[in-house]
Amino acid sequence: MALCEYEISPWKKDFPILNSTFINKNPLVYLDSAASAQKPEYVLNTCRKNYETEYANVHRGIHHLSEEETANFEAARIKVQNFIKAKSPKEIIFTRGATESLNLAANTLGKKILKEGDEVIISLMEHHANIVPWQLLQDEKNITIKVIPVNDDGSLDYDAFVNLLSPKTKLVAVTHMSNVLGTINPVKEITAKAHEAGAIVLLDGSQSVTHFPIDVTDIGCDFFAFSGHKLYAPTGIGVLYGREEVLEDLPPWQGGGDMIKSVTMEKSVWADIPARFEAGTPSIVQAIGLGAAIDYLNSIGMENIHAFEQNVFNFMYDEVKKIPGVRILGNAPHKGGLVSMVMENAHPQDISMILNQMGIAVRVGHHCAQPITERMGVTSSCRASLGLYNGRKDVEALVAGLWKVKEML
Ligand code: PMP
């Protein structure tokens, strides 16, 4: 048995919902952070205080509150910049979430650089949010989408990726970490290879950003997308990082206030980056909440969070694997954060319903990644995913629950 040193996470106490919520008289065991993470008191208090004492619209006012709120909002941008090690705050575009970030990329970068006959490479383990926007462009622009296959162990077939690259490849858009398999992809190598072929690289960091430190400058990618709500921040805020030299050349996507320098009835002049991509009133308090979540995570340290979570993950992986009749989807060497499983003679829906009766929250379905779910030979799975607040006790509750399911079904 892999040792798990931590019975209860030292940070669980920071999350009010985890210390106060009971389901059927059982304390809540929250194992659904890959879908959305719970919020620490610090983030909740920051948002509440902001609405109570500092709130106003940003950028367009010269009254005190608006100036103060603009400073808060722009300070959050700098926190994001430092958190992912971008070179400039101009490279941080606030969106409503990863899905909007990826659609923004498709509708600016994609529309600008792709022409008939060009190729976009994605992988079989993408979330629908990094498949469908490119399919929409495929229909519009007559481009070809090529798909990197996935090995039986859930790792990306790197050699196949290299073989797919050609002078026609204009964009490589892959996930940093799979939300079904937990596989962590070699994105630095992928980026270097894609750049050698002259392609732009976009990474979906929705899952990776929550588990380990991110350095977009070191990775060398051109774009990196993620959502705030999986990173202990409010919903309605996301980020698209874009390398300054690439962003400078891109046209806007949505039109409206804030994204222009001037408007006449004949024509408009676009604002500089990143405002060019942020039409309309942004998610102000949500962005400030994301800044607070980053302050909270920095107070612990992402390296510490990673080491802690990997320990809990190894324990969860080993314990779940021991249950006869349970199959874990994917066992790639670089994997973490979550375990998706199927059980002989038990439908994933029934497993999660029984676990729910015991206060254990897991997710069931194809996790918005139907192609990889099918590649693993199933139509749905039951996914237990970790946050920094989960310790050994949570995993023990899950494992006891799964043994009970086995007895019942
Ligand atoms: N990509 C991945 C890998 C994800 O896990 C998710 C969320 N499940 C998304 C994209 C989309 O994120 P959102 O729904 O927050 O826009």
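What follows draws every value from the coordinates through simple rules; no lab data is involved. Quick caveat, the model's predicted, so the values are computed rather than measured. Cβ: placed from backbone, ideal geometry, glycine included. Neighbour counts: every protein chain shown.
Cβ-Cβ distance of SER88 and HIS63, R₀ of 30 Å, FRET efficiency by 1/(1 + (r/R0)^6): the value works out to about 0.55. Ranking SER262, ASN151, VAL174 by how far each Cα lies toward the positive end of the dipole of the chain (charges on Cβ) leaves ASN151 at the top. In the chain, the DSSP beta bridges split such that about 60 percent are antiparallel, to the nearest 5.
Modelled label positions at CYS368 and TRP403, each set 7 Å beyond Cα in the direction of Cβ, lie 3.5 nm from each other.
Positive end of the dipole of segment 248-327 (Cβ unit charges, origin at the Cα centre): among TYR317, GLY291, ASN304, the Cα lying farthest that way belongs to TYR317. Each residue of segment 373-385 was assigned a 3J(HN,Hα) from its phi angle through the Karplus expression (A = 6.51, B = -1.76, C = 1.60, θ = phi - 60°), giving 4, 5, 4, 7, x, 9, 9, 7, 8, 10, 10, 9, 10 Hz with x at Gly and Pro.
Multiplying the residue separation of HIS347 and ILE17 by 0.36 nm and removing their Cα-Cα distance gives an extension gain of 115.9 nm. Mark the label point 7 Å from the Cα of GLN138 along Cα→Cβ and return the residues of segment 369-394 whose backbone N is within less than 13 Å of it. Inside the label zone: 371. Remark: segment 143-202 carries a charge dipole of roughly 360 debye about the Cα centre, counting +1 on each Lys and Arg Cβ and -1 on each Asp and Glu Cβ. Across the options GLY110, ALA192, THR46, the greatest Cα extent toward the positive end of the charge dipole of the chain (unit charges at beta carbon of Lys, Arg, Asp, Glu) belongs to THR46. Of the residues TYR55, TYR232, the one with the fewest other Cβ atoms within 10 Å heads the list, and the complete ranking is TYR55, TYR232.
In whole percent, what relative contact order does the chain give with Cα contacts below 8 Å and a gap of six or more residues? Write down the numbers at each step before the final one.
Numbers: 834 pairs, mean separation 102.2, N = 409.
Value for the chain: 25 percent.
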